[in-house]
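Notes for the one structure printed next.
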Amino acid sequence: MNPTIPPSEAQLRVISAGISPEPIGVDLLLPDTRPSTAGAIVTFDGAVRDHDEGRGVTALRYSAHPSAPDVIAAVALEIATEFPAVTLAVQHRIGDLVVGDCAIACVVSSAHRREAFAACSELVDRVKERVPIWKEQVFVTGETEWVNAIG
């Protein structure tokens, strides 16, 4: 943000939007996304699962283009603009993750549940569609495979 231009109302409702090499989780985002006006808080914890299309998975390796932090911030701002009653936070993990780790964490709060659910769903979809992050799966056999390469 430019220090001479005050942030927009939508920018103030994006509490956090980023890419992290450190562990993430909705529990880390919740405290800052609970305004007193919130009657609904919707979370999404995208966990690493132990399988994909019938094959056992032991780990994922996420890497990101240098533009990924800017893209995820832009996506978050779009959602805050399109859903003017929500407060939100979103983080995506990069690096080596094991089964059970959180790969993407989203928290969306609003006065009412419908808007919170809709905004959270759209936020997850757009992050997956637009943020330039690449995922390499490591299978129980030791084989690897790149999937969901976007950007």
>> Report the rotationally averaged projected area of the range 71-151 based on its alpha-carbon convex hull, in square nanometres.
In response: 5.9
>> Stokes-Einstein diffusion coefficient for the chain at 10 °C in a medium of 1.306 mPa s, Rh from the Kirkwood formula over Cα pairs: what value in µm²/s?
In response: 99
> Counting Lys and Arg as +1 and Asp and Glu as -1, each charge on the Cβ, what is the dipole of the range 9-146 about the Cα centre in debye, to the nearest 20?
Replying inline: 280
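Which length gain, in nm to one decimal place, applies between HIS51 and ARG34 when the Cα-Cα distance is subtracted from 0.36 nm times their residue separation? Provide the component values of the computation, followed by the final result.
Details: separation 17, 0.36 × 17 = 6.12 nm, distance 3.39 nm.
Full extension from HIS51 to ARG34 adds 2.7 nm.
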>> Tell me the net charge near ALA40. Cut-off is 13 Å between Cβ atoms, ALA40 excluded, with +1 for each Lys or Arg and -1 for each Asp or Glu.
In response: +2
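Here, each number is a calculation from the coordinates, and none is a lab measurement. Every value quoted in this text rests on a predicted model; they were computed, and no experiment measured them. With ideal geometry, Cβ positions are generated from the backbone for all residues, glycine too; neighbour counts draw on all protein chains shown.
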